[in-house]
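What follows is a single structure, written as structure tokens, with notes after it.
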Amino acid sequence: MESVGSEEEVLFERRGNLGIVTLNRPKAVNALNAGMVKTMLSQLTDWAADDAVATVLVRGAGDRGLCAGGDIVAIYKDMLHGGTETAEFWADEYRLNALISHYPKPYVAFMDGLVLGGGVGISAHGSVRVVTERTRTGMPETTIGFVPDVGGTLLLSRSPGETGTHAGLTGAHLSGADALFLGLADHFVPSQSLPALAEALESSTATAAVERFAQAAPDSALAAQREWIDAAYAHDDAEEIVRSLRTLGDEAAAAADTIEAKSPTSVKVALESLRRVHGMSLEEALDQEYRVGLRCLAGPDFREGIRAQVVDKDRNPQWKPATLAEVQASDVEGYFAPLGERELGLTRLSSQLKETT
């Protein structure tokens, strides 16, 4: 075993031909902050060019999950002080997501336990995505007045039928089997086998190692609901989707209740994001999500959502506007307007790299 350097909140080590990234904030379910993202971006870039590293593994410390998302308390404090740290954090995080999606070596992610928001970004863009019976994943951003990001809109837009739209608007926690169905993961491995799989990756190819431990996944509950999901979410208007869900009743009506409890602005912007992202590259999707994210930082609901869910924990956000009907099409359109000099520019950078290679 060779240590190649570590930061307290992210640990890096080499074992055989395997480079291991361990997110090391177990008390916060390994929530990502700016420092963690910067060090991951640097180390993964180095390993990409290191012939001694054949495979990379990303996992979380502790037993609660890979990663519960971005550190939204830090984002909340930055918003209160009118800072720029969140925009800089997202810029680095999205660059990391893009690097992972194009990584030149097998990138294995252990999506065990909680894998939410930013946790999806550092796992579901990888080439070998492993879920377990403990996996609880999803993009719950509309609950806190935000919109799916880290390339999540693109991932969900590619899910079967309208199941990705359902997952994005409701913010539902999904099982490992659901993640496989949605296209967010590739293999199901029992959690008790993960240590042995990690050891096998030290000397075996990723394909051979995973084949030794992968099993058939349980049935996906989301797949069983696809008929009513496809019917209700076929609309491009959030209010029409809610009406359709209520007409269908039972599980569909419960989904309508869930959506109506979210930030109305976030629901409409999330839906528009999912529709616009079809046919985009990941870089284009991340550029779009960055525009939307900066507009969310400037609006009232993101701050209010974090306050209600995480800071005061009263679970009683006061959304502005308070209903879907009050959110105008022009309001939604504004979230997608170009940022000028503040553009993230991943699409442009990707084009330049292709021209020089």
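Summary table below
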{"read-out": "1 or more residues among the small types (Gly, Ala, Ser), more than 16 Å from the chain's Cα centre (by Cα) and farther than 19 Å from residue 116 by Cα: qualifying helices (runs of 4 or more DSSP H) within segment 7-105", "value": "34-48, 85-101"}
{"read-out": "Test: residue in segment 166-183 that is assigned to a helix (DSSP H, G or I) and hydroxyl-bearing (Ser, Thr, Tyr)", "value": "yes"}
{"read-out": "When residues of segment 260-278 are limited to those that are not in a helix (DSSP H, G or I) and not hydroxyl-bearing (Ser, Thr, Tyr), the one surrounded by the fewest Cβ atoms within 10 Å (Cβ to Cβ)", "value": "278"}
{"read-out": "Evaluation of residue 193 against (1) under 23 Å from the mean Cα position of the chain (by Cα); (2) at pLDDT 95 or above (one fails), failing number", "value": "(1)"}
{"read-out": "Residue 297 vs. criteria crowded, with 21+ Cβ neighbours inside 10 Å, closer than 24 Å to residue 347 by Cβ and either touching a Leu at 6+ places or on another chain (Cβ under 8 Å) or hydrophobic (A, V, I, L, M, F, W, C) (or both)", "value": "no"}
{"read-out": "Segment 96-123, residues that are more than 24 Å from residue 310 (Cα to Cα) and open to solvent by 20 Å² or more (accessible area, probe 1.4 Å)", "value": "99, 101, 102, 103, 104, 105, 106"}
{"read-out": "Where a residue in segment 100-112 is of a type outside the set (Lys, Arg) and its partner, wherever it lies, is modelled with pLDDT under 95, with Cβ under 9 Å and at least six apart", "value": "102/350"}
{"read-out": "Single residue of 39, 45, 132 found to be over 26 Å from residue 179 (Cβ atoms), of a type in the set (S, T, N, Q) and in contact with an Asp or Glu (Cβ under 8 Å, 6 or more places away or on another chain)", "value": "39"}
{"read-out": "Residues of segment 131-175 classified as aliphatic (A, V, I, L, M), touching a residue at least 40 places away in the same chain (Cβ under 8 Å) and over 17 Å from residue 64 (Cα atoms), total", "value": "8"}
{"read-out": "The lone exception for residue 309 - which of (1) at pLDDT 95 or above; (2) in a helix (DSSP H, G or I); (3) touching an Asp or Glu at 6+ places or on another chain (Cβ under 8 Å) it fails", "value": "(3)"}
{"read-out": "Filtered residue count, segment 67-95, keeping only those that are surrounded by fewer than 23 Cβ atoms within 10 Å (Cβ to Cβ), more than 20 Å from residue 304 (Cα to Cα) and either out of contact with any Lys or Arg (no Cβ under 8 Å at 6 or more places or on another chain) or among the hydrophobic types (A, V, I, L, M, F, W, C) (or both)", "value": "3"}
{"read-out": "One residue from 168, 161, 138, 152 being closer than 21 Å to residue 278 by Cβ, open to solvent by 10 Å² or more (accessible area, probe 1.4 Å) and either out of contact with any Ser or Thr (no Cβ under 8 Å at 6 or more places or on another chain) or at pLDDT 95 or above (or both)", "value": "161"}
{"read-out": "Counted residues, segment 309-350 - those being farther than 22 Å from residue 283 by Cα and among the small types (Gly, Ala, Ser)", "value": "4"}
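The values are calculated or read from the model by the stated rules, or taken from the named source; none is laboratory data. Model, not experiment: these values are computed from the prediction. So basically every Cβ, Gly included, is an ideal-geometry build from the backbone, and we count neighbours across all protein chains shown. To get the accessible areas, we keep the full protein, side chains included, count just its heavy atoms, and leave off ligands, DNA and RNA. Shrake-Rupley method; radii C 1.70, N 1.55, O 1.52, S 1.80 Å.
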